[in-house]
Amino acid sequence: MASALTRSLDSRPGVTEGTSPHAYDVGLLIIRVALGLTVAAHGAQKLFGWFGGGGLKGTGQFFTMSGYPSGETMAAIAGLSEVLGGLGLVLGLLTPLAGAAVLGTMINALAVKWGGGFFAPQGIEYEVLLAAGAAGLALTGPGRIAIDRFLPGLRAHRLAYGAAAVALAVVLAGLVLLIRN
């Protein structure tokens, strides 16, 4: 016998009879954890030199060579965006903003790598996948297995929150790209 919560969730538009709403939540959790940990690890490479990364100094030199002013500052901003955005996605904490942080960073990564084709090793397919995943999570929300479920303003995710976060990411990434040489 289905619980009252399951019955009320099964009556949502788009949820067909026999579909488990928990399946969506578990699926979103898996995507959040995989994408979030991957991005957070990349941020740790930039900030701390972990996992074979260049740390702030090495990454800052790369940012300077890529046309960004104040390379180490930009490396710190990118690293913090990736670590905090990635961990926010993992936890389902402020998910629209976490997705926006990752998306904005990936837009800049795409601009730097553009022109190398689509496929690895010089291609952009990895960055496209991370950007699409982050935007998708910002728009859909984290699912019910998330800290956002305990935050009054984010308990019931709204598409408007995600759309605003995606727009914010695009605008801020665009502004950063404007200062790039």
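The values are calculated or read from the model by the stated rules, or taken from the named source; none is laboratory data. These numbers come from a predicted model, not from an experiment. Please note: Cβ atoms are built from the backbone with ideal geometry, for glycine as well, and neighbour counts cover all protein chains shown. Note: accessible area is taken over every heavy atom of the protein model, side chains too, but ligands, DNA and RNA are not part of it. Shrake-Rupley method; radii C 1.70, N 1.55, O 1.52, S 1.80 Å.
Being assigned to a helix (DSSP H, G or I), open to solvent by less than 60 Å² (accessible area, probe 1.4 Å), touching a residue at least 40 places away in the same chain (Cβ under 8 Å) and under 18 Å from ILE31 (Cβ atoms) is the requirement here; does ALA173 meet it?
Spelling it out, it is not the case that ALA173 is assigned to a helix (DSSP H, G or I), open to solvent by less than 60 Å² (accessible area, probe 1.4 Å), touching a residue at least 40 places away in the same chain (Cβ under 8 Å) and under 18 Å from ILE31 (Cβ atoms).
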Scan segment 121-146 for residues that are β-branched (Val, Ile, Thr) and open to solvent by 50 Å² or more (accessible area, probe 1.4 Å) and jot them down. VAL128, THR140, ILE145
Residues in segment 91-104 that are closer than 23 Å to ALA167 by Cβ and open to solvent by 20 Å² or more (accessible area, probe 1.4 Å) total 4
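Checking the condition without any contact (Cβ under 8 Å) to a residue 60 or more places away in the chain and surrounded by fewer than 22 Cβ atoms within 10 Å (Cβ to Cβ), which residue from GLY88, GLY43, GLY117 passes?
Every option except GLY117 fails the conditions.
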Of the residues that sit in segment 147-157 and are open to solvent by 50 Å² or more (accessible area, probe 1.4 Å) and within 17 Å of the chain's Cα centre (by Cα), which one is farthest from PHE63 (Cα to Cα)? HIS157
